[in-house]
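These notes are about the structure you will find just below.
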Amino acid sequence: FAKNNALPSFYATKGFDITYDVLMRLASGDALKATFKKGASYRIETKFDYKTKLFGVTENKGLFIVEYGKDLSLIRLK
């Protein structure tokens, strides 16, 4: 914030999360599709929990359940 006087946009944060998740999965040394079965991963604003559907289509089913605090801050429950 101090350098640019602005916070990163939603799209910048989302792009970072996706890129970082894929790079960490590739760095594990396993095939990318094999890492999807090892469980969920959490990044800055995104949860990645991949499930394979019919015909081999893989999609992200990860989501956060949040609650508003008294000061309207978000508290991650799950």
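The values are calculated or read from the model by the stated rules, or taken from the named source; none is laboratory data. This is a predicted model, so every value here is computed, not measured. Backbone-built Cβ (ideal geometry, glycine too); neighbour counts: all protein chains shown.
Brief remarks on what is shown
- Lone unmet requirement of (1) surrounded by 10 or more Cβ atoms within 10 Å (Cβ to Cβ); (2) in contact with a Phe, Trp or Tyr (Cβ under 9 Å, 6 or more places away or on another chain); (3) modelled with pLDDT under 85 for Lys37: (3)
- Filter result for the condition that a residue is of a type in the set (Val, Ile, Thr) and in contact (Cβ under 8 Å) with a residue 12 or more places away in the chain, over Thr35, Thr19, Thr52: Thr52
- When residues of segment 7-63 are limited to those that are part of a helix (DSSP H, G or I) and of a type in the set (D, E, K, R), the one farthest from the chain's Cα centre (by Cα): Lys33
- Every condition in (1) touching a Lys or Arg at 6+ places or on another chain (Cβ under 7 Å); (2) loosely packed, with under 13 Cβ neighbours inside 10 Å; (3) of a type outside the set (S, T, N, Q); (4) at pLDDT 85 or above holds for Gly62 except the one numbered (2).
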